[in-house]
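The block underneath contains the structure these notes are about, expressed in structure tokens.
No value in this document is a laboratory result; all are computed from the given coordinates. All values derive from a computational prediction rather than experimental measurement. Cβ: placed from backbone, ideal geometry, glycine included. Neighbour counts: every protein chain shown.
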Amino acid sequence: MPVKISPSILTSDFLELKADIQRLEAAGADMLHLDVMDGVFVPNISFGVPVISSVKKHTSLPLDIHLMIDRPHRYIRQFAEYADWLGFHYEAGSDVEETLKKIKKSGCRACLTIKPCTAPEEIFRFLPLCDMVLVMSVEPGFGGQSFLPSALDKLSALRDEAARRSLDIELEVDGGINGETAPLAAKSGATVLVAGNYIFSADNMRDRVKEIKSL
Ligand code: DX5
Ligand code: ZN
């Protein structure tokens, strides 16, 4: 199975967002990664529901929403209206099981996300409720950081545990993905690669997406 690409629009010029989304669609993106930051759970603020509702109107790509917000259970209903994949952080202070169930009940696929400081074993017990697990390969909050190689062992530990329990779970990796790190992540079990700067800095997005998918 080839890896899927979920470009992050975080580094887009937001006044050009519509054109950027059209370029990403034409480039062969499989979904769109939307980074929601609240300035509390992470030291940065990005965008929220109004921007996402506009994005939804202008794309047929599935929306992969990455909530980097404190106590995310409070906002599941609002984001679930637009999300295909809805993810939140294990470390964000919500009851994990309840929040995963809430997401699934709202009709979205549920994604549990871990920061670089969290060991994968901590979330093994939640795997049966997850449609996807997102392993952060940078500290959440900013695009353009370098890939942390410690993410690779986490991906393979999660892949092996999911296989051992015959669970069909997507494994997503986010942060510092480029031509060098993409094949390493895929080899370690990642099935969905988030890429921001590597795609947005390209002269030709299509070539970049193709390159990552073929690695
Ligand atoms: C970081 C975000 C990422 C980020 C990826 O908190 O979750 O999605 O935008 O950007 P790059 O690919 O530039 O590391
Ligand atoms: Zn993200």
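What tally of residues in the range 114-125 results from selecting those that are of a type in the set (Val, Ile, Thr), without any contact (Cβ under 8 Å) to a residue 40 or more places away in the chain and within 16 Å of ligand 2 (Cβ to nearest atom)? Here the count works out to 1. Please work out if ALA151 is surrounded by 20 or more Cβ atoms within 10 Å (Cβ to Cβ) and either assigned to a helix (DSSP H, G or I) or without any contact (Cβ under 8 Å) to a residue 60 or more places away in the chain (or both). Criteria met by ALA151. Report yes if LEU158 is in contact with a Cys (Cβ under 6 Å, 6 or more places away or on another chain), closer than 17 Å to ALA119 by Cβ and either within 12 Å of ligand 2 (Cβ to nearest atom) or part of a helix (DSSP H, G or I) (or both), otherwise no. Spelling it out, it is not the case that LEU158 is in contact with a Cys (Cβ under 6 Å, 6 or more places away or on another chain), closer than 17 Å to ALA119 by Cβ and either within 12 Å of ligand 2 (Cβ to nearest atom) or part of a helix (DSSP H, G or I) (or both). Name, by its number, the condition in (1) more than 29 Å from LEU158 (Cα to Cα); (2) crowded, with 17+ Cβ neighbours inside 10 Å that does not hold for LYS57. Result: LYS57 fails condition (2) only.
Rundown of residues vs (1) free of Cβ contacts under 8 Å to residues at least 12 places away in the same chain; (2) within 13 Å of the chain's Cα centre (by Cα); (3) away from ligand 1 (no atom under 16 Å from the Cβ), yes/no style:
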site	(1), (2), (3)
TRP85	no, yes, no
ASP95	no, no, yes
LYS105	yes, no, yes
CYS108	no, no, yes
LEU127	no, no, yes
GLY143	no, yes, no
GLU170	no, yes, no
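Residues in the range 1-38 that are within 13 Å of ligand 1 (Cβ to nearest atom), without any contact (Cβ under 8 Å) to a residue 60 or more places away in the chain and more than 20 Å from ARG109 (Cβ to Cβ): ASP38 alone. Is it fair to say GLY176 is in a loop (DSSP other than H, G, I, E, B), within 16 Å of ligand 2 (Cβ to nearest atom), in contact (Cβ under 8 Å) with a residue 12 or more places away in the chain and out of contact with any His (no Cβ under 9 Å at 6 or more places or on another chain)? Taking the combined requirement at face value, the residue satisfies it.
Find the residue count for the range 1-23, including only residues that are within 15 Å of ligand 2 (Cβ to nearest atom) and touching a helix residue (DSSP H, G or I) at 6+ places or on another chain (Cβ under 7 Å). Residues that pass the stated criteria total 5. Looking only at the range 179-212, residues that are aliphatic (A, V, I, L, M) and in a helix (DSSP H, G or I) come to 8 in all.
Among the residues of the range 54-64, is any more than 13 Å from ligand 1 (Cβ to nearest atom), assigned to a strand (DSSP E or B) and not aromatic (Phe, Trp, Tyr)? Yes, the range 54-64 contains at least one residue that is more than 13 Å from ligand 1 (Cβ to nearest atom), assigned to a strand (DSSP E or B) and not aromatic (Phe, Trp, Tyr).
For the range 126-140, the tally of residues that are buried (at least 19 other Cβ atoms within 10 Å of the Cβ) and within 12 Å of ligand 2 (Cβ to nearest atom) stands at 6.
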